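Below you'll find the structure, written out as structure tokens, and then a few comments.
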Amino acid sequence: MVRVAGPAAWELAGRCFDPTPAAPRRLVSGALRVPGWPPAPAQALAFRGPRSYTGQDLVELWVPGSPPLIQALLSSLQGLGARLADRGEFTRRAFHAGRVDLVQVEAVLALTAAATAEETRGAVQALEGGVGRRVETSKQVLLEVLAHVEAAIDFSDEELDLTADEALAQRLDGVALAIAELQGEASGRTPRAHLPRVVLRGPPNAGKSTLFNRLCSGQAIVSAEAGTTRDVLERRWRLPSGRELLLVDTAGTGHLEGEIPTRAQELDAAAGREAEASARGADLVLWLSAEGEPPPPGEVPLIWIASQRDRADVDPAPSSALPLSTTSGAGIPVLVSAVEEQLSGAGGMLGSARQAERLREASDAVSRALGQLRSGLPARAELAALDLSEALEALGRLTGEVTSDDVLGHIFSSFCIGK
């Protein structure tokens, strides 16, 4: 697809495509007219500004995927006065025309670079523009509160209770909550510097190594003898969505029973320490227990698995546990879905460093304004007004209403040609 945008887009397309597009948003079949080439089948889809992606007249030429033909078409268009687009220029024009905000611009970039279904879904959700609408709602509340505060400052000699401090503060509480929700989404979408670690834990002989081998074609040694696993084993595990995790197999919890040599006891204790350290650094723990042993309390997200459900001598699985057979594989699809859900982020925000910083600035400014309003001191009204203005500016910079050319240049320099 060759996209032509600008005031002369329809004229240029008409000189390279027959018939000339006559109506917007209507797909036309025809042929390319490129000097030195026979007519080639093609289609054209035209848009009139401002109802186009860039806000300008725009024509998309859908042509055969022949590199020499495409190069000839590009050369012909350049000979007629067009030029090749810069990186991200189409999206930049859309931004300047108000067709997308800066969060959506970053979503376009994230969508082109998405490597998994989860990343794609997150970028699409951000591209829908929900963040911009939510930010706009918060900005309207900030503007209304700021208007009341400034009115109180201007008419300080009048016997007017225009600030209504607590009522205004309660409205700001809603803004603070909305910003906190966006921060939570941004935190959930922040790209990881490492593969998420999913650690298998549980008592000896619960089936951890068997599950490890089944999930990621691992090579852990399995045996009916308790305590077979001593070392921490790690292997990449690719989920159906395409996301990669680091699956970690560890030694069973607790100490081996019976009379065992001192050296074996030392190895058992060392293996236990390694397993506990792995669990503390985990993003998710899968706790396996065949006999219904509950998982220990902890802050790391955890999925409780009632393993070895193919055995006739085990008690029914606890209601809060996920039943699974590590040998037959029954229950594994449900487990995979649960892992996907636990490690997936919320929709809307992409979690870029720029977004996180703007949200932090807005949150801090709103928090300061709340403190000023609830202080009960009239003299602090001017400080509250200043803080509210800073919050508005931070949210404006988040969506790109207030931004610098340096920021835009940094973002669009990462785009490929044609976006």
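Taken together, the values in this text are just the output of simple stated rules run on the coordinates, not laboratory data. What you see is a predicted model, and the numbers here were worked out from it, not measured in a lab. Neighbour counts are summed over all protein chains in view; Cβ atoms, including those assigned to glycine, are modelled from backbone coordinates with ideal geometry.
Among Cys16, Cys416, sorting on how many other beta-carbon atoms sit within 10 Å of each Cβ, with the fewest leading, yields Cys416, Cys16.
What full-extension length gain, to one decimal in nm, is calculated for Gln170 and Ser375 as 0.36 nm per residue of separation minus the Cα-Cα distance?
On the way: separation 205, 0.36 × 205 = 73.80 nm, distance 1.37 nm.
Gain on stretching Gln170 to Ser375: 72.4 nm.
At most 14 other Cβ atoms within 10 Å and a DSSP loop assignment: could you name the trypsin sites (Lys or Arg not before Pro) in region 63-105 that fit? Numbers along the way, then the final one.
Values: sites: Arg83, Arg87, Arg92, Arg93, Arg99; in loops: Arg83, Arg99.
Those satisfying the criteria are Arg83.
In this label model, Val124 and Arg48 are separated by 3.2 nm, measuring between points 7 Å along each Cα→Cβ vector. Determine which residues of region 1-19 fall in the zone a paramagnetic label at Ala31 would reach in this model, i.e. backbone nitrogen under 19 Å from the point 7 Å along Cα→Cβ. Those under the cut-off are 13-19.
For region 2-84, what does the relative contact order come out to in percent, with C-alpha contacts under 8 Å and a separation of six or more?
On the way: 143 pairs, mean separation 24.8, N = 83.
Reported relative contact order: 30 percent.
Sequentially through region 369-374, phi angles give Karplus couplings (6.51, -1.76, 1.60; θ = phi - 60°) of 4, 4, x, 5, 5, 8 Hz, Gly and Pro residues having no value and appearing as x. Placing unit charges on the Cβ atoms of the charged side chains and taking the dipole of region 2-84 about its Cα centre, the candidate lying farthest along the positive direction among Leu58, Cys16, Gly79 is Leu58.
Sorted on the mean count of surrounding Cβ atoms within 10 Å across their residues, most packed first, peptides 372-380, 105-113, 21-29 read 105-113, 372-380, 21-29. Between Arg83 and Ala353, what's the calculated FRET efficiency when r is the beta-carbon distance and R0 is 41 Å? Round to 0.05. Efficiency computed from Cβ-Cβ geometry: 0.80. Please say if region 283-344 is rounded, prolate or oblate, where rounded means a/c under 1.5 for a ≥ b ≥ c the square roots of the C-alpha gyration tensor eigenvalues, and otherwise the choice is prolate for a/b larger than b/c and oblate otherwise? Because a/c hits 1.5 or more and a/b fails to exceed b/c, region 283-344 counts as oblate. Extension gain for Thr327 to Arg238 (0.36 nm times residue separation, less C-alpha to C-alpha distance): 30.1 nm.
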